[in-house]
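Trainee: Quick one: the structure is below, and I'll ask about it shortly.
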Number of protein chains: 2
Amino acid sequence: MASRSTRTPGIKDVAALAGVSASTASKALNDTGQLRAETRERVRRAAEQLGFTPDSRGRALASGRSFTVGLITTDSSGRFSIPIMLGAEDALSAGKMALVLCDTRDDPLREQHYLKSLVSRRVDGIIVTGRRTEAREPIDVPIPVVYAFSPSTDPDDTSVIVDDHGGAASATRHLLSLGREQIAHVTGPESHLSAGIRAAATMGAARDAFVGQPLYGEWSERWGRHAVDVLLRAQPTVDAITCGSDQIARGVCDRLRELGRSVPYDIAVTGYDNWSVMALASRPPLTTVDMELEELGRRTANLLLDVIAGSPRRGQLILPTRLITRESTLGT
Amino acid sequence: MASRSTRTPGIKDVAALAGVSASTASKALNDTGQLRAETRERVRRAAEQLGFTPDSRGRALASGRSFTVGLITTDSSGRFSIPIMLGAEDALSAGKMALVLCDTRDDPLREQHYLKSLVSRRVDGIIVTGRRTEAREPIDVPIPVVYAFSPSTDPDDTSVIVDDHGGAASATRHLLSLGREQIAHVTGPESHLSAGIRAAATMGAARDAFVGQPLYGEWSERWGRHAVDVLLRAQPTVDAITCGSDQIARGVCDRLRELGRSVPYDIAVTGYDNWSVMALASRPPLTTVDMELEELGRRTANLLLDVIAGSPRRGQLILPTRLITRESTLGT
DNA sequence: GAAAATCCGGAACACGTTTTCCTGGACGAA
DNA sequence: TTCGTCCAGGAAAACGTGTTCCGGATTTTC
């Protein structure tokens with residue numbers, strides 16, 4: 001009875017079983033065209049009986065779209081790319097789109113290779129993301145592109161980025177609202193854009209309450225611990241420390257505890273990133289700024305879908321952060 | 001001169017420019033068939049001039065393959081899935097395959113949805129991975145499948161897993177070789193397969209040197225800290241602690257330091273996972289077991305490629321771990 | 001110089017679907 | 001009865017590539 005071997009059934013098999021033509025079967029299954037309800041139902045039953053699944057390669061060819069988008073990340077082992085990726089994947093799968101993953105490992109050659117591959121697959125769009133907030137060179141492809149987290153250097157490109165300034169400012173305002181009057185800032189390398197922006201935002205929001213200069217170092221717990229020593233020597237009366245990352249903040253908390261300073265009663269501490277393994281494991285748990293990267297990924301994907309659908313939205317979309325308050329800044 | 005608008009050029013455009021037929025152009029570009037070298041070169045130049053990129057949808061349709069594999073993960077935010085994913089992507093991209101990402105978020109409904117989508121895309125194969133080492137129900141698709149990290153409950157399926165027993169044993173043997181004579185074990189929930197296996201392996205390798213019973217708790221720094229108190233009360237002369245995870249080990253180290261016990265001189269400590277943010281940030285840095293998950297991802301992908309190519313390799317492939325020695329077990 | 005072998009390239013088809021166009025029939029209205 | 005309208009469904013083209021087959025052209029061989 002099996003026509004050939006047990007090949008996966010095509011629409012023609014369904015059509016044959018239902019006693020109609022392939023085109024009629026297509027219309028029946030896609031709820032298009034003019035068909036009798038009875039015919040539609042018959043085709044539908046035939047499809048179910050055969051376990052028919054439409055071959056999207058054929059569909060892609062016919063529709064001119066591939067229902068696939070590519071995600072190019074320079075470094076997906078980084079903890080920023082991953083939530084973005086997941087958010088994008090979530091939003092895309094809701095729209096029946098698939099996401100193909102391309103990790104360039106920061107290698108321009110690999111990036112070229114992936115771009116060719118994506119163009120060759122006639123991907124409907126591309127999301128480009130990076131591990132730093134610095135703007136990056138745009139990619140050159142005849143396909144809609146949206147940049148996430150790292151914007152394109154071309155302001156006419158579509159980019160979705162985090163409001164780093166607002167995030168840092170919100171942490172500082174939170175400390176001010178708790179009555180803190182001497183706020184210091186410990187962060188990563190001065191050469192990193194995000195470190196500079198967060199430092200500037202902190203100083204801007206703290207105004208007279210800011211003490212000393214931002215302490216630039218590296219994104220590590222060790223630097224956080226060391227910075228405490230430096231800071232207390234210069235500013236012994238400091239009552240709050242905002243940090244450029246949760247790692248630094250955790251180091252700061254550890255060192256303060258070792259020195260017998262109570263967090264938050266003597267000194268309040270804030271982090272940045274809401275990286276749960278740091279923010280929650282810290283003693284005490286950290287008040288921190290969540291960049292809502294998964295939401296950023298979702299928004300990026302939806303923006304890309306809009307562009308694909310024909311309504312391009314140029315320029316930078318700046319998404320707000322969210323302040324998560326925990327014990328490291330409890331009110332006194 | 002442009003035939004229509006600035007459409008992306010097809011092979012027919014290349015053929016027209018080179019003054020040959022489409023089929024000849026195909027042969028020229030794929031180094032197949034019988035063509036004069038001069039013709040080949042002419043076509044090649046035409047392709048380059050037009051910036052021609054073959055449409056892989058057409059190729060997929062014609063070849064019956066999609067050059068795509070799906071990766072189903074129950075939870076890609078987990079830190080185990082990510083390196084596996086990256087390794088797989090790396091191995092696949094070398095073989096001109098693309099990886100489409102499906103994060104089920106542990107929702108059976110989403111899993112079904114993704115499976116349908118992958119089947120519909122006529123994916124060449126599927127990699128299934130999970131965040132626990134427990135075996136999982138196999139998926140039912142007419143497509144080659146390889147399971148990574150979480151094997152299939154069907155022993156005839158192809159699975160690639162970590163040698164958890166060997167990993168834990170290697171850490172213990174390492175401690176024995178350093179002359180440690182009273183080894184304890186602190187790990188996660190007893191209900192977790194990996195916790196049980198690692199505990200059994202530790203006891204088996206330590207033999208008489210094992211003291212007390214494995215301490216089961218949770219995979220957290222807090223439990224590690226607490227376990228130290230429990231352990232020192234019962235076994236005050238313990239000189240080595242193997243932990244079921246780096247998080248636990250970090251907590252253990254922290255608490256020991258607070259109690260004035262030196263790691264490694266008084267008590268040596270080992271972790272598990274080589275999760276850099278824990279293992280390197282710990283004081284002191286942790287000797288730990290690296291499951292080499294990226295390599296596991298690569299092996300999985302290559303195995304899948306083999307299956308796709310027609311040489312199925314059934315059963316479980318158990319990959320070795322690697323012991324990374326750091327200061328937490330320095331020789332005395 | 002003719003037959004055979006070799007080389008080159010084109011035409012046609014296959015892949016699976018969607019879509020456009022078209023036909024045959026049913027039905028209603030004049 | 002006849003014409004027009006509408007509906008259900010079929011035939012064919014289109015998407016872009018790879019592959020198979022075949023004929024014409026060129027070279028080789030006797």
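The values are calculated or read from the model by the stated rules, or taken from the named source; none is laboratory data. All figures in this text were calculated on a predicted structure; none of them were measured in a lab. Glycine also receives a Cβ, built like all others from the backbone with ideal geometry; neighbour counts cover every protein chain displayed. Just so you know, the surface numbers come from the protein's heavy atoms only, side chains and all, with ligands and any DNA or RNA stripped out. Shrake-Rupley method; radii C 1.70, N 1.55, O 1.52, S 1.80 Å.
Trainee: Any idea how far apart A:H113 and A:Q213 come out in nm if each label point goes 7 Å out from Cα toward Cβ?
Mentor: For A:H113 paired with A:Q213, the spin-label model returns 4.4 nm.
Trainee: Related question: Among bridges DSSP assigns within the protein assembly as shown, what percent are antiparallel (round to 5)? Show your work: numbers first, answer last.
Mentor: Numbers: 7 of 77 bridges.
Roughly 10 percent of the beta bridges in the protein assembly as shown run antiparallel, per DSSP.
Trainee: Follow-up question, since we're still on this one. Based on the Cβ-Cβ distance of B:A62 and A:R261, what FRET efficiency does E = 1/(1 + (r/R0)^6) give at R0 = 60 Å, to the nearest 0.05? Don't skip to the end; give the middle numbers.
Mentor: Values: r = 71 Å, r/R0 = 1.18.
Plugging the Cβ-Cβ distance into 1/(1 + (r/R0)^6) gives 0.30.
Trainee: Something else about it: State to the nearest 20 debye the size of the charge dipole of the protein assembly as shown about its Cα centre, where the only charges are +1 on K and R beta carbons and -1 on D and E beta carbons. Spell out each step's value before the answer.
Mentor: Details: 80 positive and 80 negative charges, 434 e Å.
Taking the Cα centre of the protein assembly as shown as origin, the dipole is about 2080 debye.
Trainee: Separate question: Hey, in the GNM for chain B with a 10 angstrom Cα cutoff, which one of B:R322, B:R136, B:R45 fluctuates hardest?
Mentor: In the Gaussian network model the winner is B:R45.
Trainee: Return the carbon/sulfur percentage of the accessible area of the protein assembly as shown, one whole number, probe 1.4 Å, all protein chains in place. Please list the in-between numbers first.
Mentor: Working: 14490 of 28870 Å².
Reported share for carbon and sulfur atoms: 50 percent.
Trainee: Out of every Cα pair in region A:196-332, what percent are spaced more than 25 Å from each other? Intermediate results must be reported in sequence, preceding the final value.
Mentor: Values: 3047 of 9316 pairs.
Every Cα pair in region A:196-332 considered, those over 25 Å come to 33 percent.
Trainee: Taking just the C-alpha trace of chain B, give me its Rg and Dmax in Å.
Mentor: Rg and Dmax of chain B, Cα atoms, are 26.7, 88 Å.
Trainee: Give the residue from B:I126, B:V211, B:A279 lying farthest towards the positive end of the charge dipole for chain B; charges sit on Cβ (+1 for Lys and Arg, -1 for Asp and Glu) and the dipole is referred to the Cα centre.
Mentor: Farthest along the dipole direction, towards plus: B:I126.
Trainee: Given the Cα-Cα distance of A:D140 and A:A37 and 0.36 nm per residue of separation, how much length would full extension add, in nm? List each step's numbers first, then the result.
Mentor: On the way: separation 103, 0.36 × 103 = 37.08 nm, distance 4.86 nm.
Value of the extension gain: 32.2 nm.
Trainee: Which residues among region A:69-87 fall inside the zone where the amide N is under 17 Å from a point 7 Å beyond the Cα of B:L280, along Cα→Cβ?
Mentor: In region A:69-87, the label zone of B:L280 (backbone N under 17 Å from the point 7 Å along Cα→Cβ) covers A:75-81.
Trainee: For a quick protection proxy, order the peptides B:93-105, B:243-255 by their average other-Cβ count within 10 Å, most packed first. Before the final figure, lay out each step's value.
Mentor: Working: B:93-105: 20.3, B:243-255: 27.9.
Going from most to least packed, we get B:243-255, B:93-105.
Trainee: Next question, about the same structure. Report, in debye and to the nearest 20, how large the dipole of region A:11-54 comes out about its Cα centre when Lys and Arg carry +1 and Asp and Glu carry -1 on their Cβ. Before the final figure, lay out each step's value.
Mentor: Working: 7 positive and 5 negative charges, 17 e Å.
Approximately 80 debye in magnitude.
Trainee: Under a 5 Å amide H to amide H cut-off, with H placed in plane at 1.01 Å, what residues pair with A:L215 once short-range neighbours are removed?
Mentor: The answer is A:H185, A:V186, A:T187.
Trainee: Right, next: Using a basic spin-label model with each label point 7 Å from the Cα along Cα→Cβ, how many nm lie between A:T8 and A:L330?
Mentor: 5.8
Trainee: Could you work out [θ]222 nm for the protein assembly as shown from helices alone, using -39500 (n - 2.57) per DSSP H run of at least four and dividing by all its residues? Round to the nearest 500 deg cm²/dmol. Write down the numbers at each step before the final one.
Mentor: On the way: 24 runs with 284 residues, N = 664.
For the protein assembly as shown, the value works out to -13000 deg cm²/dmol.
Trainee: Can you tell me which of B:A301, B:A47, B:A91 moves the most in a GNM of chain B? Springs connect C-alpha atoms under 10 Å apart.
Mentor: B:A47
Trainee: Right, something else. Net charge near A:I11: determine it from the other residues with C-beta under 11 Å of the C-beta of A:I11, scoring Lys and Arg +1 and Asp and Glu -1. Intermediate results must be reported in sequence, preceding the final value.
Mentor: Numbers: positive: A:K12, A:K27, A:R59; negative: A:D13, A:D55.
Neighbour charge sum, excluding A:I11 itself: +1.
Trainee: Under a 10 Å cutoff between Cα atoms, tell me which one of A:Q49, A:Q316, A:Q213 has the largest fluctuation in the Gaussian network model of chain A.
Mentor: The residue that fluctuates most here is A:Q49.
Trainee: In angstroms, what radius of gyration and Dmax does the protein assembly as shown have, counting Cα atoms only?
Mentor: 28.8, 88
Trainee: Helix check for chain A. Which DSSP H runs span at least 15 Å along their own axis by Cα, with a mean Kyte-Doolittle hydropathy no less than 0.0?
Mentor: Numbers: long enough: A:37-50 (20 Å, -1.38); A:81-94 (20 Å, 0.95); A:108-120 (18 Å, -0.58); A:164-177 (20 Å, -0.32); A:193-206 (20 Å, 1.01); A:221-234 (20 Å, -0.39); A:246-258 (18 Å, -0.85); A:293-309 (24 Å, 0.42).
For chain A, where a helix must reach 15 Å along its axis and average at least 0.0, the hits are A:81-94, A:193-206, A:293-309.
Trainee: Quick one: how many lysine pairs does the protein assembly as shown have with C-alpha atoms less than 28 Å apart and a gap of 8 or more or different chains? Give me the count, please.
Mentor: 16
Trainee: Further question: Tabulate in residue order the Karplus-calculated ³J(HN,Hα) for region B:65-72, using 6.51 cos²θ - 1.76 cosθ + 1.60 with θ = phi - 60°, rounded to whole Hz; enter x for Gly and Pro.
Mentor: Working through the residues one at a time gives 10, 10, 6, 9, 10, x, 10, 9 Hz.
Trainee: Follow-up. To the nearest 20 debye, what charge dipole does region B:131-286 have about its Cα centre, counting +1 at the Cβ of each Lys and Arg and -1 at the Cβ of each Asp and Glu? Mind dumping the intermediate values first?
Mentor: On the way: 15 positive and 20 negative charges, 152 e Å.
Once rounded to the nearest 20, the dipole reads 720 debye.
Trainee: Counting only residues 5 or more places away or on other chains, whose amide H sits under 5 Å from the amide H of B:V128 once H atoms are built in the peptide plane?
Mentor: For B:V128, the qualifying residues are B:I72, B:V146, B:Y147, B:A148.
Trainee: In addition: So if we plug the beta-carbon distance of A:A94 and B:D106 into 1/(1 + (r/R0)^6) with R0 = 22 Å, what FRET efficiency do we get, rounded to 0.05? The partial results should precede the final answer.
Mentor: Details: r = 17 Å, r/R0 = 0.79.
So the FRET efficiency works out to roughly 0.80.
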